[in-house]
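**Student:** One structure, pasted below without further comment.
The values are calculated or read from the model by the stated rules, or taken from the named source; none is laboratory data. The structure presented is a predicted model; accordingly, all values stated were derived computationally and were not measured. Cβ: placed from backbone, ideal geometry, glycine included. Neighbour counts: every protein chain shown. Accessible surface is based on the protein model in full, side chains and every heavy atom, while ligands, DNA and RNA are left aside. Shrake-Rupley method; radii C 1.70, N 1.55, O 1.52, S 1.80 Å.
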Amino acid sequence: MKQIVLILSFIILISCQENEPFTLLTGKIKGTDAKEIELEGVNFSKKISIENNGTFTDTLDLPYDGMYYLLLSDEKSYYIYLEKGFNLEFETNADDFINAMKYSGNGQDENNYLIQKNKVIESKLGIQSNFDSIIKIYSVDEKTFIKKIENLKKSILEKLESSTIKNQKFVTNEKKEIDILCLKYYEQYSPYHGYAIENREFKASDDFPKAGDDFDMNDEEIFKHSYAYRGLISGIFQRIMYATQTEDKTPFDKGMEKLKTIKSEIIRSELTKNMLYELNLSAQDINKIYKGIMANSIDSTFNEELTQKYKILKKIVKGSPSPSFNYENINGGKTSLESLKGKFVYIDVWATWCGPCIAEIPALKEVEKEYHGKNIEFVSISIDDKKDIEKWKKMVADKELKGVQLFADNDWKSDFVKNYAIDGIPRFILIDTEGKIINADAPRPSDVKLKELLKENGF
């Protein structure tokens, strides 16, 4: 009897191993002192320890075959294609993380192609992580831009066709991804070109290539394979939410309507994340929004973050004591919220890299000038990275910024930022003379409603 049980257990074990094979990922990174590298995917994240000699290895239980992201740091990261059962090795160096990558083992052809694909893109369009490089590409006229993208598509296809990839599933999906990548560039043309020519109202001509609101957002196979597809449908989803404002439907309502048409649970869950910003203090019913998002998300990590934000929002309603701060003042020393007690405080949370923040500066200056000498302090808190503190100081000087200029101690992770659940900037906050919240999501300086709010409070 025991022998039969053992045999059955062995058969079950072999069956599980055959149906759900593991993936072995091994690597070596020269010139790094990092202690770990992170592998990220859809509803998946795994931190892998790096030995002192730069090597690492891990056995992965992947949720799907497709594209993942390897992150050594924010500046050193790139796509990696993985399938269940792969035994993949790679080596690179920290100084040239992407271009120095060399793969071997199962999946080497697919991933070595991805490196070559990146080189083609950079040769045609410049380094994609460099904003100035990107804007330069989008500054050209429509016909020139279309020609550039057509040439890019041709070059990438040539690289794919000349590769030694025998994985037909990868090749089929990659051909779709190339089309989608080009479509994504076309979708980005209007806003980026408008920025380049300093005309935010610019719209491409009617016959310019674009994806309509009826674009197929249910292709789960290509969703797993293509980051371009994930980005494209996310952009379309946001457009559906925000492009046309109506009195009877909020962006959240329109987002929920669109989600009902998405059959794929994994895609629906990812698109739901675009509604996170709708969970804010200006919303009529944060309970409805919280429950709606939670009902469509299967990402446990995201759900935890959403729940944390929801709990914070319920704490920072009007009349509640404001979370405090004590940050470096550009004039020396530190300034805390407590030191400003007895005055109203209008806080601007911003950063030097934030375009909309910079756009508010002229209006903020006008408001400061108008209320100068009155019982209100204007405080600007920069959440720039610590390495950019000199850049912050220079902008304060160049823009002749007034008021109290502070530098947060840990950018987005600063306590004040987290305690106000700030996930987008600029963010404005109005606090009364007792340190209590008047409005945790106050009108911007350019909004006429700000003066109405100040008038309500005796100004």
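**Student:** Does the stretch 294-325 hold any residues that are surrounded by 12 or more Cβ atoms within 10 Å (Cβ to Cβ), more than 18 Å from the chain's Cα centre (by Cα), assigned to a helix (DSSP H, G or I) and among the aliphatic types (A, V, I, L, M), and which are they?
**Tutor:** If the condition is that a residue be surrounded by 12 or more Cβ atoms within 10 Å (Cβ to Cβ), more than 18 Å from the chain's Cα centre (by Cα), assigned to a helix (DSSP H, G or I) and among the aliphatic types (A, V, I, L, M), then 294, 312, 313 are the ones that fit.
**Student:** Moving to a separate point now. Only one residue in 121, 137, 127, 156 is of a type in the set (A, V, I, L, M) and open to solvent by 30 Å² or more (accessible area, probe 1.4 Å), so which one is that?
**Tutor:** After applying the criteria, what remains is 127.
**Student:** Looking only at the stretch 405-424, which residues are crowded, with 19+ Cβ neighbours inside 10 Å and closer than 18 Å to residue 358 by Cα?
**Tutor:** 405, 406, 407, 408, 422
**Student:** Among what's in the stretch 216-227 and is open to solvent by 50 Å² or more (accessible area, probe 1.4 Å) and of a type outside the set (D, E, K, R), pick the residue that is farthest from residue 174 (Cα to Cα).
**Tutor:** 218
**Student:** If a residue counts only when it is aliphatic (A, V, I, L, M), at negative phi and modelled with pLDDT of 95 or more, which strands (runs of 3 or more DSSP E) contained entirely in the stretch 10-112 have at least 1 such residues?
**Tutor:** 23-30, 36-41, 44-49, 55-60, 66-71, 77-82, 87-93
**Student:** Taking only pairs six or more apart or across chains, which ones have beta-carbon atoms under 6 Å, a first residue in the stretch 415-427 that is basic (Lys, Arg), and a second residue that is open to solvent by less than 10 Å² (accessible area, probe 1.4 Å)?
**Tutor:** Here the result reads 427/349, each pair linking the stretch 415-427 to a residue that is open to solvent by less than 10 Å² (accessible area, probe 1.4 Å).
**Student:** From the residues in the stretch 421-459 that are part of a strand (DSSP E or B) and aliphatic (A, V, I, L, M), which one is nearest to residue 273 (Cα to Cα)?
**Tutor:** For the stretch 421-459, the residue satisfying everything is 429.
**Student:** From the set of residues in the stretch 219-268 that are more than 21 Å from residue 180 (Cα to Cα) and of a type in the set (Gly, Ala, Ser), which is modelled with the lowest pLDDT?
**Tutor:** Top of the filtered list is 243.
**Student:** What do you reckon, is residue 385 touching a helix residue (DSSP H, G or I) at 6+ places or on another chain (Cβ under 7 Å) and open to solvent by 20 Å² or more (accessible area, probe 1.4 Å)?
**Tutor:** yes
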